Amino acid sequence: MTVPPTTPYSAFNVTVTAANPAPIAPTIFVLTVAAKIAVNPTASGSTSDTPGTTPITVQLNITDSPPFEGFSAAIFYDSSVLQNPRVDYTANVLGNDATLLSECINGLGDQCTFQKDFDGQGVVSLQLETSAGGNTTTTNGKLFSVTFTVAKKGFSAIHFVSQFIGTAPNGVPLKLVAYDGYYTNLQCSKGNLCKPPVVSFIPPPRPVQYRPAPFNATAVSQNPGGRIMEYNWTWRSGANSHQYNSPVINSTKLWTNVTFVFDQVGENTVTLSAQDNYTARAYYTLTIEVIRVWVDLGFASLSIDHTTAVIPGTIVHIVANVINNGVNPENSTISLSINNKNMTMKSVQNLESGLESSMIYDWNTAGYAPRVYKIVTNLDTVKDPTTGRILENDTFTNPRGQIVDPNNVRIAFIQLIVSLPSGFGAFLGLNLPESLGLGIVLVAVIVFAAGLVKKARAQPLEPL
């Protein structure tokens, strides 16, 4: 989905529907268009920058935000390339009502309220709020700026390690997307300054607490002859921070895949950084929602070999396939009804994650009247055996207050028609197949009879 650049901060309900072949209950999720917090300019530096004297200033800006009462932000930089950071928060979006709560440089400062989650060497952090506790009327503009002294030739990412925007009256956090920047005075080819790698990773779809969660990294150097030399992973932060580096010590093997085990449910921050052979580094961060256990049994398919113009007496083969989309073996029961009459049931026992179970039913239509029959396959939701509470994670509550599992029901229709007596079509001279519906034959008879009547009543043509 592509969101227009002019879309304001807001949340949208997105509904996805499908048919297979009967309508499937819609899936609804919330798409949030977040505010943007960014390093400006994204790229700074020049080959003419003189180590020890040249100052370099970057500004942290916010755009597309609703009104807010305060913020905190922290950026990481390479302290061997950039040194002596000075913070300036005058003329920021909070205006003259801004009150300083904390200012830390390398984890120190007279006004520093040290945050173990991000403060330390190579980090500048600032926290401001409005004195009156109200929301600002200016929502786009400067948060603060930082001026460094260039220490030597090199490359430094300017990376957000923390960002928070709170709204009045209770400091409710806004959704934010952070955009890093970088400084370089280093050439990676003649006349061309170094660029950071392009970095990303693919998270698992539903990471579960205490279970292995695989991640796959992708990184490409943008510099001539550049190649990725290392990957660094960090998940969670502060005292709970975990890290994994590739290659590991005393090894040259570079691994792009890594597996984590999350010990806490809820939002977990995962950051990947990659560095090329020019020491240019870039970061990519995602917030991962970790759940306790994912439980989801559902129909994978419902196949029927005859659905229309079926002659009574035909054996209709019905196959319902159930799949376990969850993480643990589960139990349930599949049932099949025809016009609200239960025809068969099958127990599903200890169905392993990712595997399927099939229920096969051969319906002998002999003795059934011509009409359309409704076929319903139902899969019992997984419940707590003690409390009866529904455990499946993919349920939702409909407008009538009922809990609905969208993939636990499949519906289809089978049409039975009248079988014609042998030779019924031949006496009309139409040579009709015996399997045609009675309605078609009656139409043919009426048309044929009407033609005879019209012919009998027709007057002879008069000469011109």
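The values are calculated or read from the model by the stated rules, or taken from the named source; none is laboratory data. Only a predicted model underlies this, so the values are computations on that prediction, with no experimental measurement involved. Note: ideal-geometry Cβ built from the backbone for every residue, glycine included; neighbour counts use all protein chains shown. For the accessible areas, the whole protein counts, side chains as well, though only heavy atoms, and no ligand, DNA or RNA atoms are used. Shrake-Rupley method; radii C 1.70, N 1.55, O 1.52, S 1.80 Å.
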If a residue counts only when it is in contact with a helix residue (DSSP H, G or I) (Cβ under 7 Å, 6 or more places away or on another chain), which strands (runs of 3 or more DSSP E) contained entirely in region 39-134 have at least 1 such residues?
123-130
Quick one: in region 286-309, which of the residues that are in contact with an Asp or Glu (Cβ under 9 Å, 6 or more places away or on another chain) and open to solvent by 60 Å² or more (accessible area, probe 1.4 Å) is farthest from L379 (Cα to Cα)?
T287
Search region 191-231 for residues being without any contact (Cβ under 8 Å) to a residue 24 or more places away in the chain and assigned to a strand (DSSP E or B), and hand back the single one that is nearest to G266 (Cα to Cα).
I202
Just to be sure before I move on: is V161 assigned to a strand (DSSP E or B) and open to solvent by 30 Å² or more (accessible area, probe 1.4 Å) in the structure I sent?
yes
I'd like to know if region 56-73 contains one or more residues that are more than 24 Å from G171 (Cα to Cα), among the charged types (D, E, K, R) and either modelled with pLDDT of 85 or more or more than 36 Å from the chain's Cα centre (by Cα) (or both).
no
Give me the pairs: first residue in region 251-273 and of a type in the set (K, R), second residue open to solvent by 20 Å² or more (accessible area, probe 1.4 Å), beta-carbon distance under 6 Å, and six or more apart or on different chains, which are they?
K253/P247
Return the only residue of T377, T397, T381, T387 being of a type outside the set (D, E), at pLDDT below 95, surrounded by 11 or more Cβ atoms within 10 Å (Cβ to Cβ) and closer than 30 Å to V295 by Cβ.
T381
For residues that are under 15 Å from R410 (Cβ atoms) and either without any contact (Cβ under 8 Å) to a residue 12 or more places away in the chain or surrounded by 14 or more Cβ atoms within 10 Å (Cβ to Cβ) (or both), tally how many sit in region 359-372.
2
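Residues are listed down the side, and each one gets a yes or a no for (1) out of contact with any Leu (no Cβ under 9 Å at 6 or more places or on another chain); (2) among the aromatic types (F, W, Y); (3) modelled with pLDDT of 85 or more:
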{"site": "A213", "(1), (2), (3)": "yes, no, yes"}
{"site": "P224", "(1), (2), (3)": "yes, no, yes"}
{"site": "M229", "(1), (2), (3)": "no, no, yes"}
{"site": "Y244", "(1), (2), (3)": "yes, yes, no"}
{"site": "T252", "(1), (2), (3)": "yes, no, no"}
{"site": "V261", "(1), (2), (3)": "yes, no, yes"}
{"site": "T271", "(1), (2), (3)": "no, no, yes"}
{"site": "A280", "(1), (2), (3)": "no, no, yes"}
{"site": "T287", "(1), (2), (3)": "yes, no, yes"}
